[in-house]
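One structure is given below, encoded as structure tokens.
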Amino acid sequence: MSNSIDTHEDSSGLTLVLGGSGKTGRRIVQRLQSRGIPTRIGSRSGSPAFDWAKPEDWDAVLDGVRSVYISYAPDLAVPGATDSIQLFADKAIAMGVTRLVLLSGRGEEEAQACERIVQATDAEWTIVRSSWFMQNFSEGEFLQLVLGGTIALPAADVPEPFIDVNDIADVVVAALTELGHANEIYEVTGPRLMTFTELAQEISEAAKRDVQFVQIPAKAFAQGIEESGIPEDIAWLLNYLFDSVLDGRNAYLGDGVKRALGREAADFSAFTRRIAACGVWQSGSTKAVLGKEAVRS
Ligand SMILES: NC(=O)c1ccc[n+]([C@@H]2O[C@H](COP(=O)([O-])OP(=O)(O)OC[C@H]3O[C@@H](n4cnc5c(N)ncnc54)[C@H](OP(=O)(O)O)[C@@H]3O)[C@@H](O)[C@H]2O)c1
């Protein structure tokens with residue numbers, strides 16, 4: 001761990017934050033901009049636009065960039081991700097990028113293949129390999145389930161150390177701006193293993209409303225998401241995550257937050273208190289929480 005701010009010449013270039021309007025990226029952009037670091041958002045709604053499906057447009061996005069946060073959408077596990085990461089890494093290095101920070105997932109062979117691609121580049125690399133996000137339940141895919149009072153998922157009730165994405169943002173910003181994080185794999189998790197039943201109970205208590213976890217058969221879940229009309233790749237991903245990844249293989253704590261930042265990761269109880277106070281689990285509006293999150297360090 002190092003707190004010294006990087007003064008090498010490349011820090012004068014732009015920092016590109018892929019997925020810069022998403023859960024992790026938005027917080028990373030806020031932190032970088034508050035430090036006065038020139039930042040570019042890489043997403044389809046950014047300017048210039050960045051689309052993983054349109055490599056022919058990547059040169060414009062990479063122009064003048066020295067450091068990149070890579071968050072792949074929708075997930076490094078989807079077919080084709082390794083090809084995209086390889087192509088992006090090659091292009092980034094050719095365009096003068098010297099630092100790459102990759103957001104990865106735990107227990108996904110495909111994600112680990114993408115990590116190896118980034119590690120094989122000439123850049124200084126940092127891998128931030130993360131557990132499931134707490135914010136999946138406050139601004140992500142599962143908020144609607146919480147609002148409906150039933151977190152119905154095909155998950156066995158295996159424990160997972162959910163992480164606050166603010167901790168991920170802090171680790172990524174450290175890796176992008178400080179010395180001492182090159183060639184590190186930070187396995188970042190929350191400080192506590194929790195089952196979905198425990199998670200629902202804690203949300204329920206904090207939100208002062210009945211929220212339950214109900215385990216449903218994978219087939220019913222797959223049918224439900226197909227009928228909900230969510231994009232095909234997200235449906236594939238959810239089925240894959242519950243079918244293959246959430247089998248207990250990730251039921252252990254990682255020390256990446258402590259190693260990168262010298263402090264403990266935030267507990268789920270702090271997250272539920274904060275989100276409940278913002279009223280997200282009553283109104284469904286994430287506006288209040290996003291405003292508050294913006295001013296968190
Ligand atoms: N959720 C979890 O529990 C968890 C756990 C571990 C790792 N991860 C990893 O986290 C990553 C997602 O990060 P996140 O949750 O911070 O993002 P997110 O909230 O899912 O937002 C997605 C971001 O990617 C952009 N995007 C979507 N499709 C794109 C495309 N085709 N080309 C370029 N940009 C695109 C979106 O902006 P536009 O719509 O403007 O393009 C947005 O900025 C995934 O790789 C996932 O594997 C997630």
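The values are calculated or read from the model by the stated rules, or taken from the named source; none is laboratory data. Given the structure is predicted, the values throughout are model-derived calculations rather than measurements. Cβ placement follows ideal geometry from the backbone for every residue including glycine, while neighbour counts extend to all protein chains displayed. The protein model used for the area step is the full one, side chains on, heavy atoms only, and it has no ligands, DNA or RNA in it. Shrake-Rupley method; radii C 1.70, N 1.55, O 1.52, S 1.80 Å.
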Note to self: When you check Thr197 against the structure, is it open to solvent by 20 Å² or more (accessible area, probe 1.4 Å), within 20 Å of Ile230 (Cα to Cα) and out of contact with any Pro (no Cβ under 8 Å at 6 or more places or on another chain), yes or no?
What the structure shows: no
Checklist line | Qualifying residues in the stretch 58-83 (those that are under 17 Å from Met95 (Cβ atoms) and aliphatic (A, V, I, L, M)) - the one most open to solvent (accessible area, probe 1.4 Å) | finding: Ala60
Margin query: Cβ-Cβ distance below 8 Å, separation of 6 or more or different chains: which pairs start in the stretch 107-120 with a residue that is touching a residue at least 24 places away in the same chain (Cβ under 8 Å) and end on one that is crowded, with 20+ Cβ neighbours inside 10 Å and basic (Lys, Arg)?
Written below: Ala111/Arg129; Glu115/Arg129
Notebook entry, point to check: If you go through the stretch 205-213 one residue at a time, do you hit one that is touching a strand residue (DSSP E or B) at 6+ places or on another chain (Cβ under 7 Å), more than 13 Å from the ligand (Cβ to nearest atom), at pLDDT 95 or above and of a type outside the set (A, V, I, L, M, F, W, C)?
Noted result: yes
Next item on the list: Mind counting the residues in the stretch 36-56 that are within 17 Å of Arg99 (Cβ to Cβ) and part of a loop (DSSP other than H, G, I, E, B)?
Entry: 2
Check: Give me the pairs: first residue in the stretch 56-82 and basic (Lys, Arg), second residue open to solvent by less than 50 Å² (accessible area, probe 1.4 Å) and in a strand (DSSP E or B), beta-carbon distance under 9 Å, and six or more apart or on different chains, which are they?
Finding: Arg66/Leu14; Arg66/Thr15; Arg66/Leu16; Arg66/Arg99
Next item on the list: Go through the residues of the stretch 155-177 one by one and say whether even a single one is open to solvent by 10 Å² or more (accessible area, probe 1.4 Å) and without any contact (Cβ under 8 Å) to a residue 60 or more places away in the chain.
Entry: yes
Note to self: Of the residues Thr121, Thr82, only one is away from the ligand (no atom under 11 Å from the Cβ) and closer than 19 Å to Leu237 by Cβ; which?
What the structure shows: Thr82
Notebook entry, point to check: Across the stretch 94-114, what is the total count of residues that are surrounded by 21 or more Cβ atoms within 10 Å (Cβ to Cβ), more than 10 Å from the ligand (Cβ to nearest atom) and under 18 Å from the mean Cα position of the chain (by Cα)?
Noted result: 2
Checklist line | Unmet criterion (only one of (1) open to solvent by 100 Å² or more (accessible area, probe 1.4 Å); (2) closer than 30 Å to Val101 by Cα; (3) assigned to a helix (DSSP H, G or I); (4) not hydroxyl-bearing (Ser, Thr, Tyr)) for Arg249 | finding: (3)
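Conditions tested, residue by residue: (1) more than 15 Å from the ligand (Cβ to nearest atom); (2) at pLDDT below 95.
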position: Leu143; (1), (2): no, yes
position: Gly148; (1), (2): yes, yes
position: Phe162; (1), (2): no, no
position: Asp167; (1), (2): no, no
Note to self: Residue under question is Ser269, and the condition is that it be at pLDDT below 85 and open to solvent by 30 Å² or more (accessible area, probe 1.4 Å); does it hold?
What the structure shows: no
Note to self: With the requirement that a residue be farther than 21 Å from Arg249 by Cβ and either touching a strand residue (DSSP E or B) at 6+ places or on another chain (Cβ under 8 Å) or free of Cβ contacts under 8 Å to residues at least 24 places away in the same chain (or both), what does the stretch 121-136 give you?
What the structure shows: Thr121, Ala123, Glu124, Trp125, Thr126
Margin query: Step by step: first the residues of the stretch 24-57, then only those that are more than 22 Å from Lys91 (Cβ to Cβ) and surrounded by fewer than 15 Cβ atoms within 10 Å (Cβ to Cβ), then the one that is nearest to the ligand (Cβ to nearest atom). Which residue is that?
Written below: Gln33
